[in-house]
Amino acid sequence: MNLRRSPEWIQKQLLTVGASAAGIVAGESPYQTAAELYDVMLAADSGFSTEKMLNDDMRRGILTEPLHRQILEDELKIKVHEHDQETFLYSESYPWAHALPDGWLYLTAGEASAETIPVQLKCPRPRAWHEIKLKGVHGHWWLGSQHVLAITGAPYEHFSVLNVETMRLIHFPVYRDDKAIAHLMQIEQAFYESFQSRKRPPEAPAEKIDMPIFTGELLMLEGPEALNAASTFIEARAIKRDAEDLEDAAKKKIETLMGDARAAELPGLRAYRLLHDGRLTLDKQAMVGAGIDIKPFERRGKPYREFRAYRLGK
């Protein structure tokens, strides 16, 4: 197990924005400012990065990661695959950024669909673990998850926090927030462009990103009523997915039978194959690149509630 990082790895990690840097750039990290990160990046770009000795918190995370991964596997009842920390992930949409997940979940729902879910393994000090249990994930860690979701395109990141004292886990999905991702990517791009032009950012960020409110402990519902509701939901979801797979297979069969025909009538069914023009959209990144301020044209909808459920285990 390597408790050091080579100068080459450090330079590669520093010269694009990673998940840990996302909260720093957005002004949400309690550990470092964007200006301080700029200074570190500038030193790395000038060839002054040296082999990195890990601090106590980083060492604890690396040393406990194999055990953490195993405990999470036992709770989820599925394998948590390790991600090679020498393999940096990039996205063509965000060339200034990278991601390094701690692992992956490969979730399969029938033969027609599968999801690849990044995993984040954190092992903070016990006090921080209890704060997360009471209040939810910290703001800069939440931004780190949104950064990873931007790079990977995944619907959510599975976030797991280990209490090294009791060996207990808190783990939950952190779902992608597309509005927050768009805002975060704009802030990261502006920071990176400042770095490229050698303009040191101010100590305090010029703007703050909209953050969700993190409150409340995870509610544990037990008993016959909770069991019945959960099992009904899980069974209904499985039936729905099976029906969607069956409908998709039937659709493909009908299209094969239709050949080049635009319309066909079958017993009890009339089918059409229609060609539509592509939907018109606004390229916001191109507008910003052309110097158009899009903020005056943005409108926020009314607050709404959303229900999401995440299957634990197989």
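Taken together, the values in this text are just the output of simple stated rules run on the coordinates, not laboratory data. Owing to the predicted nature of the structure, the values given are computational and were not obtained by experimental measurement. Note that each Cβ is placed from the backbone with ideal geometry, even for glycine, and that neighbours are counted across all protein chains shown.
Points worth noting:
- Around the amide H of Ala97, modelled in the peptide plane, lie the amide H atoms of Val17, Ser91, all under 5 Å away and 5 or more residues distant in sequence or on another chain.
- Net charge, Pro95 excluded, C-beta distance under 13 Å - Lys, Arg +1, Asp, Glu -1: -3
- All lysines inside 24 Å of Lys179 as judged from Cα atoms, apart from same-chain residues fewer than 8 positions distant: Lys135, Lys208, Lys284, Lys295, Lys302
- Sequence-separation-based contact order of segment 4-196, relative, with Cα cut under 8 Å and 6+ spacing, percent: 24 percent
- Using all pairs of distinct alpha-carbon atoms, the Kirkwood hydrodynamic radius of segment 24-183 works out to 17.2 angstrom.
- Under 16 Å from Lys199, Cα to Cα: aspartates and glutamates that are on another chain or at least 8 residues apart: Glu36, Asp39, Asp45, Glu188
- Cα extents for segment 224-272 along the principal axes, largest to smallest and rounded to whole angstrom: 54, 17, 13.
- All-pairs Cα distance distribution in the chain, expressed in whole percent, bin size 10 Å: 5, 20, 29, 23, 15, 7, 2, 0
- Each residue in Val148, Val288, Val174 was given a count of other beta-carbon atoms within 10 angstrom of its own, and listing them fewest first yields Val288, Val174, Val148.
- Label-point gap, in nm, between Met287 and Glu36 - each point 7 angstrom along Cα→Cβ: 3.7 nm
- Tilt relative to the chain, helix 178-196 - C-alpha long axis, 0 to 90 degrees, to 10: 40 degrees
- Computed from Cα positions, the angle between helix 34-45 and the longest principal axis of the chain comes to roughly 80 degrees.
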